[in-house]
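Data block below; observations after.
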Amino acid sequence: MSKPEQFNVSRRDFLKTAGVGSLASAVTAVGEAEVAAQSGGARAVGPGEVPITLTVNGKRVDLRIEPRVTLLDAVRNRADLTGNKRVCDRGACGACTMIVDGRTVYSCSTLAIEVQGKQIRTVDGLASGDRLHPVQQAFCDKDALMCGFCTPGFVMATVALLEKHPNPTPEQARRGLDGNICRCGTFVRVMEAALEAGKAVARG
Ligand code: FES
Ligand code: FES
């Protein structure tokens, strides 16, 4: 696979635009970045669509998107992988949690263009055919959901937790999942599911 081209859109530029309330204004920021790049020699792109290549659940995904597009929007709206949900859309709830190079990220607050060349995992890629991933199975067995909007994010956070701490202690589970919120209040059962999944993974 050819190495995708890397672009220069800094987190500072992204957060600066998000801070004024509209991702749409990222177009302006990228325009400013272009001006800065002309003097600094860095490669800048946008505000129009550019080709990018993502690796999602082990598969290559070629897209044309504006640099302001988030990883969540790119995966849900362009790659048609709709497992991970948009809830707060501002990095506060964790429903959009994906795993990028082994670490959880809020995909609503991550630019797609920034994660080219990295291994992106979404909840869509966990099951093997009809066989659920042990974490998904544990959430079903423990009835760890009500409306379900938070569930994909909790599942991905639990997968990352177990990769770091197979068979975690309750404290490790609490810390591993503390970036996710359930508005329906199923925390007790989510915690039970995470610990149960850990035992299942430890049993092999
Ligand atoms: S939708 Fe991304 S953190 Fe809430
Ligand atoms: S089950 Fe409804 S937000 Fe968690």
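Only the coordinates and a few stated rules stand behind these numbers; no lab work does. Fair warning: this is a prediction, and the values are worked out from it, not measured in the lab. With ideal geometry, Cβ positions are generated from the backbone for all residues, glycine too; neighbour counts draw on all protein chains shown.
Summary of computed values
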item	result
Cβ-based exposure ranking for 130, 143, 124, in which fewest neighbours within 10 Å come first	130, 143, 124
Fraction in percent of alpha-carbon pairs per bin - 10 Å, the range 93-180	17, 50, 29, 4
Under-5 Å amide H pairs with residue 118, H placed in peptide plane, nonlocal only	55
For the range 191-204, Karplus couplings with θ = phi - 60° (6.51, -1.76, 1.60), whole Hz, Gly/Pro x	5, 4, 5, 4, 5, 5, 4, x, 5, 5, 5, 5, 6, x
Residue exposure sequence - 165, 133 - by fewest surrounding Cβ within 10 Å	165, 133
Per-residue ³J(HN,Hα) for the range 174-179, Karplus 6.51 cos²θ - 1.76 cosθ + 1.60, θ = phi - 60°, Hz, x for Gly and Pro	4, 5, x, 10, 6, x
Full-stretch length increase - residue 80, residue 50 - with 0.36 nm per residue and alpha-carbon distance subtracted	8.9 nm
Local electrostatic count, residue 185, Cβ distance below 15 Å [Lys/Arg +1, Asp/Glu -1]	+1
Sequence-distant residues sharing a close amide H with residue 65 (under 5 Å, placed H)	50, 52
Residue among 137, 107, 119 farthest towards the positive dipole end of the range 93-159, charges placed on Cβ	119
Derived scalar couplings ³J(HN,Hα) [the range 104-114; Karplus, 6.51 cos²θ - 1.76 cosθ + 1.60; whole Hz; x for Gly, Pro]	6, 9, 7, 6, 6, 10, 10, 6, 4, 5, 7
